[in-house]
Amino acid sequence: MVECAERVYIVSYNKKASRLTVGFNGSRSAISEALCDAAEGIKELHLDGGEIIKLDGSIPAPIALLLGHELGQKYTVAVYDPSNGLYLVAVSHNPSYLLGTHVE
C-alpha cells in the first residue's frame with residue numbers, strides 16, 4: 001500500500017492479477033492538490049509495465065485521467081464496470097485490446 005499524502009491513496013496492487021485498486025479520501029476542494037500526490041504514488045510503485053492493468057475503485061475524473069495517462073504508456077488500462085462485473089478497456093495501444101471491449 002502506498003499512501004499519497006492523506007488525500008489520494010492506492011489501496012493495493014496485485015501484480016499476479018494485474019489489478020490496481022485505488023481510492024480517494026478527501027473533499028472535492030482537495031482534488032487539485034491530490035493530482036501531484038497521485039502521480040508520486042504511481043511512481044513509488046515502480047510499475048514495470050505489461051500487457052494490461054485493471055483499475056478498481058471510485059476516484060474523481062481528474063485523477064482517473066492522470067492514472068490513464070501514466071499507466072497507458074506501459075499497459076492497456078481497463079476500469080471496473082460494476083454494471084456487469086467486468087473490466088472495460090479505456091486506454092489501449094495494443095490491437096489485442098480494443099477500446100470499449102470488456103475483459104475479465
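The values are calculated or read from the model by the stated rules, or taken from the named source; none is laboratory data. For clarity, every value in this text was computed on a predicted model and none was experimentally measured. Cβ: placed from backbone, ideal geometry, glycine included. Neighbour counts: every protein chain shown.
Structure notes:
- Qualifying positions in the range 78-95 - farther than 20 Å from I31 by Cβ and either of a type in the set (A, V, I, L, M, F, W, C) or not in a loop (DSSP other than H, G, I, E, B) (or both): A78, Y80, D81, L86, Y87, L88, V89, V91
- When I42, I52, I63 are checked against the criterion of being under 21 Å from E104 (Cα atoms) and buried (at least 17 other Cβ atoms within 10 Å of the Cβ), I52 stands alone in meeting it.
- Residues in the range 66-77 that are surrounded by 14 or more Cβ atoms within 10 Å (Cβ to Cβ) and not in a loop (DSSP other than H, G, I, E, B): L66, L67, G68, E70, L71, G72, T76, V77.
- When A39, A34, A30 are checked against the criterion of being in contact with a helix residue (DSSP H, G or I) (Cβ under 7 Å, 6 or more places away or on another chain), among the small types (G, A, S) and modelled with pLDDT under 80, A34 stands alone in meeting it.
- Pair list, Cβ < 8 Å and 6+ apart or interchain, from the range 51-75 residues that are in contact (Cβ under 8 Å) with a residue 12 or more places away in the chain to residues that are surrounded by fewer than 18 Cβ atoms within 10 Å (Cβ to Cβ) and of a type in the set (D, E): K74/D48; Y75/E51
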